[in-house]
Ligand code: ADP
Ligand code: MG
Ligand code: MG
């Protein structure tokens, strides 16, 4: 049982014009076996939340706390966060020429598991996960993220998710740029990773489409750098029907 706890989180981003406050007091708790969807309009700070939890240097935490099973995540280096069991699917993953997907995965698995996985077992594990995600075997020898199509990036994210078995996964717009078939394949991968009930998922999305395949237990509407409303899956249906307007005008009036 693991719990990611975000309390009163305030974050500023460093811009050329100076620091700009983006997150204005975020409260959120994600436990093992739960799937939380964060939905909100463009520019509401959803990616900033993901980057802040991952420890991206551009974002400065000015208040509040983030803990994983009581451990202070904000005091950890980026590597330590990954080893502690946090997984962030980057919205824009970096290219690393010369490092193959296969090398990267084995290094990452060694780091998160604390020891190198036994080779024969590992090869089988990777093969099965790739096949489940309909990834061609030759993909393993490609350079990390180099020339990956949108769909390949997303499949690679979920491949990592299945192999690295994080305690809490933060998926930022995993659905963006996927056609309906790829969306199904990717969603099934997330559901496989969830199946043991040991992983918590924070699914950040602009559209409700992915929620037809990955069922959220909780939906949080994110507006203007904070959670404006929370509910169950029915809240996603309401957003699908009515959009974000009601929440946006309410947040504006209250600010
Ligand atoms: P979302 O993911 O909900 O679309 P973001 O977190 O990407 O929102 O952005 C929230 C706000 O913060 C936007 O106004 C955006 O322009 C600003 N912002 C985010 N990251 C940066 C950055 N690195 N530099 C400047 N502004 C940023
Ligand atoms: Mg955006
Ligand atoms: Mg975003």
Inset, instruction - Note down all Cβ pairs under 8 Å where the first residue falls in segment 79-100 and is within 16 Å of ligand 3 (Cβ to nearest atom), the second is modelled with pLDDT under 85, and they're at least six residues apart or on different chains. - result: 89/174; 91/176; 93/145
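When you look at residue 147, is it more than 16 Å from ligand 2 (Cβ to nearest atom), at positive phi, modelled with pLDDT of 90 or more and loosely packed, with under 15 Cβ neighbours inside 10 Å, yes or no? Even if it seems obvious, please write down each step before you answer.
Details: more than 16 Å from ligand 2 (Cβ to nearest atom): yes; at positive phi: yes; modelled with pLDDT of 90 or more: no; loosely packed, with under 15 Cβ neighbours inside 10 Å: yes.
The answer is no for residue 147.
Tally up the residues in segment 16-50 that are touching a residue at least 24 places away in the same chain (Cβ under 8 Å) and within 14 Å of ligand 1 (Cβ to nearest atom), please.
Restricting attention to segment 16-50, the residues satisfying the condition of being touching a residue at least 24 places away in the same chain (Cβ under 8 Å) are 19, 21-42, 44-50.
After this cut, where a residue has to be within 14 Å of ligand 1 (Cβ to nearest atom) as well, the list is 19, 21-24, 26, 37-42, 44-50.
Residues meeting the conditions: 19.
Using the structure shown, decide if residue 186 is surrounded by 20 or more Cβ atoms within 10 Å (Cβ to Cβ), at pLDDT 95 or above, more than 16 Å from ligand 2 (Cβ to nearest atom) and over 24 Å from residue 246 (Cβ atoms). It would help to see each step written out before you state the result.
Numbers: surrounded by 20 or more Cβ atoms within 10 Å (Cβ to Cβ): yes; at pLDDT 95 or above: no; more than 16 Å from ligand 2 (Cβ to nearest atom): yes; over 24 Å from residue 246 (Cβ atoms): yes.
No, not satisfied.
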Legend entry - Criterion: within 16 Å of ligand 3 (Cβ to nearest atom) and either more than 30 Å from residue 245 (Cβ to Cβ) or more than 19 Å from the chain's Cα centre (by Cα) (or both) - qualifying residue of 54, 109, 129: 54
Inset, instruction - Find the strands (runs of 3 or more DSSP E) located wholly in segment 4-120 whose residues include 1 or more that are touching a strand residue (DSSP E or B) at 6+ places or on another chain (Cβ under 7 Å) and exposed (fewer than 14 other Cβ atoms within 10 Å of the Cβ), and list them. - result: 18-31, 59-68, 96-100
Inset, instruction - Tell me which residues, restricted to segment 1-24, are within 16 Å of ligand 2 (Cβ to nearest atom) and over 22 Å from residue 202 (Cα atoms). - result: 15, 20
Inset, instruction - Filter segment 204-247 for residues that are buried (at least 22 other Cβ atoms within 10 Å of the Cβ), within 16 Å of ligand 1 (Cβ to nearest atom) and closer than 15 Å to residue 171 by Cβ and give the result. - result: 204, 205, 210, 219, 220, 222
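The values are calculated or read from the model by the stated rules, or taken from the named source; none is laboratory data. All of these numbers come straight from a predicted model, not from anything done at the bench. Heads up, the Cβs are rebuilt from the backbone with ideal geometry, glycines too, and the neighbour counts pull from every protein chain shown.
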